[in-house]
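K.L.:
My questions will all concern the structure given below.
The values are calculated or read from the model by the stated rules, or taken from the named source; none is laboratory data. Owing to the predicted nature of the structure, the values given are computational and were not obtained by experimental measurement. Cβ coordinates were reconstructed from backbone atoms using ideal geometry, including for glycine residues, and neighbour counts include every protein chain displayed.
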Amino acid sequence: MDPARSALAGPARVGVLLAAGSGSRYHGPTHKLLAEFRGRPLYEWGLEALAGAALEPWIVWGAVDAPTGPEVAVLHNPRWAEGMATSLQVAIEHARRVGERALVIGLADSPLVTADAWRAVATTIAPIAVATYDGARRMPVRLDAAVWDELPTTGDEGARALMRVKPALVTEVACSGNPADIDTLEDLRRWNSSTNSS
């Protein structure tokens, strides 16, 4: 058995939204995370899903920032331009400071990921638990403290890089919902007008 499986934490208590990127493919009048999606800013949908999953919400900002309520832990990534891995490291460093032993990570630009998906991944005890949709691995992903030291510190890959080289650490969790990212103005218009969230 891999040593990473020897001392796993229980269900994750914290859900982290990564929101630090520049959104360079989105050519709207605001940063994409501040754009209106079905009546409110895009990033708020992820916070609502975390609340529905009874997870403590953290959000990592970088290129932009946005107001959140006092119940949300706001983390800042000054190195956001170096890639998503740096935002993941900001969350992990904070988790170590406050004594958390597992995190569930998702993207702030995936507004249709459900609370049920977050909850299912959070409660799956494994070094890495990853949501799947129709068999495809997507976010969110649960990362136990046992694997934090093995995650990349720079670049645009987080847990995906580790999952490739150590597949034995990974447990897949079948989820309902839609993991689509809103990357472009066309994506925003498409999903704004669609009534199908699955």
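K.L.:
Please tell me if Trp61 is within 23 Å of Ala117 (Cα to Cα) and touching a Phe, Trp or Tyr at 6+ places or on another chain (Cβ under 9 Å).
P.N.:
On the way: within 23 Å of Ala117 (Cα to Cα): yes; touching a Phe, Trp or Tyr at 6+ places or on another chain (Cβ under 9 Å): yes.
Against the criterion (within 23 Å of Ala117 (Cα to Cα) and touching a Phe, Trp or Tyr at 6+ places or on another chain (Cβ under 9 Å)), Trp61 qualifies.
K.L.:
Looking at Ala122 and the list (1) hydrophobic (A, V, I, L, M, F, W, C); (2) closer than 18 Å to Tyr43 by Cβ; (3) at pLDDT 95 or above; (4) crowded, with 18+ Cβ neighbours inside 10 Å, which single condition is not satisfied?
P.N.:
Going through the list (1) hydrophobic (A, V, I, L, M, F, W, C); (2) closer than 18 Å to Tyr43 by Cβ; (3) at pLDDT 95 or above; (4) crowded, with 18+ Cβ neighbours inside 10 Å, Ala122 breaks only (2).
K.L.:
Restricting to segment 13-26, give me the number of residues that are more than 15 Å from Asp181 (Cα to Cα) and either at pLDDT below 90 or not aliphatic (A, V, I, L, M) (or both). Before you say what the answer is, go through the steps one by one.
P.N.:
We begin by selecting, within segment 13-26, every residue more than 15 Å from Asp181 (Cα to Cα); these are 13-16.
Those left that are additionally either at pLDDT below 90 or not aliphatic (A, V, I, L, M) (or both): 13, 15.
Adding up the residues that qualify gives 2.
K.L.:
Tell me which strands (runs of 3 or more DSSP E) are completely within segment 30-115 and hold 3 or more residues being over 12 Å from the mean Cα position of the chain (by Cα) and surrounded by fewer than 20 Cβ atoms within 10 Å (Cβ to Cβ), or say none if there are none. Working first, answer last.
P.N.:
Working: elements: 56-61, 73-76, 102-107.
In segment 30-115, 73-76 are the strands (runs of 3 or more DSSP E) which contain 3 or more residues that are over 12 Å from the mean Cα position of the chain (by Cα) and surrounded by fewer than 20 Cβ atoms within 10 Å (Cβ to Cβ).
K.L.:
Filtering segment 144-177 down to residues that are in contact with a strand residue (DSSP E or B) (Cβ under 9 Å, 6 or more places away or on another chain), at pLDDT below 95 and not in a helix (DSSP H, G or I), which residue is surrounded by the fewest Cβ atoms within 10 Å (Cβ to Cβ)?
P.N.:
Within segment 144-177, the match that is surrounded by the fewest Cβ atoms within 10 Å (Cβ to Cβ) is Ser176.
K.L.:
State all residues of segment 178-196 that are closer than 14 Å to Asp109 by Cα and either exposed (fewer than 12 other Cβ atoms within 10 Å of the Cβ) or not charged (D, E, K, R) (or both); if no residue qualifies, say none.
P.N.:
Within segment 178-196, Asn178, Pro179, Ala180, Ile182, Thr184, Leu185, Leu188, Trp191, Asn192 meet the criteria.
K.L.:
Further question: Looking at Ala102 and the list (1) in contact with a helix residue (DSSP H, G or I) (Cβ under 7 Å, 6 or more places away or on another chain); (2) of a type in the set (A, V, I, L, M); (3) closer than 22 Å to Asn178 by Cα, which single condition is not satisfied?
P.N.:
Ala102 satisfies every listed condition except (3).
K.L.:
Scan segment 151-198 for residues that are acidic (Asp, Glu) and within 17 Å of the chain's Cα centre (by Cα) and jot them down.
P.N.:
Step one: of segment 151-198, the residues acidic (Asp, Glu) are 156-157, 172, 181, 183, 186-187.
Passing the criteria: Asp156, Glu157, Glu172, Asp181, Asp183.
K.L.:
Then there is this: Return yes or no: is Ala159 of a type outside the set (D, E, K, R), touching a Cys at 6+ places or on another chain (Cβ under 8 Å) and under 26 Å from Asn178 (Cβ atoms)? I'd like the intermediate steps shown before the answer.
P.N.:
On the way: of a type outside the set (D, E, K, R): yes; touching a Cys at 6+ places or on another chain (Cβ under 8 Å): no; under 26 Å from Asn178 (Cβ atoms): yes.
The answer is no for Ala159.
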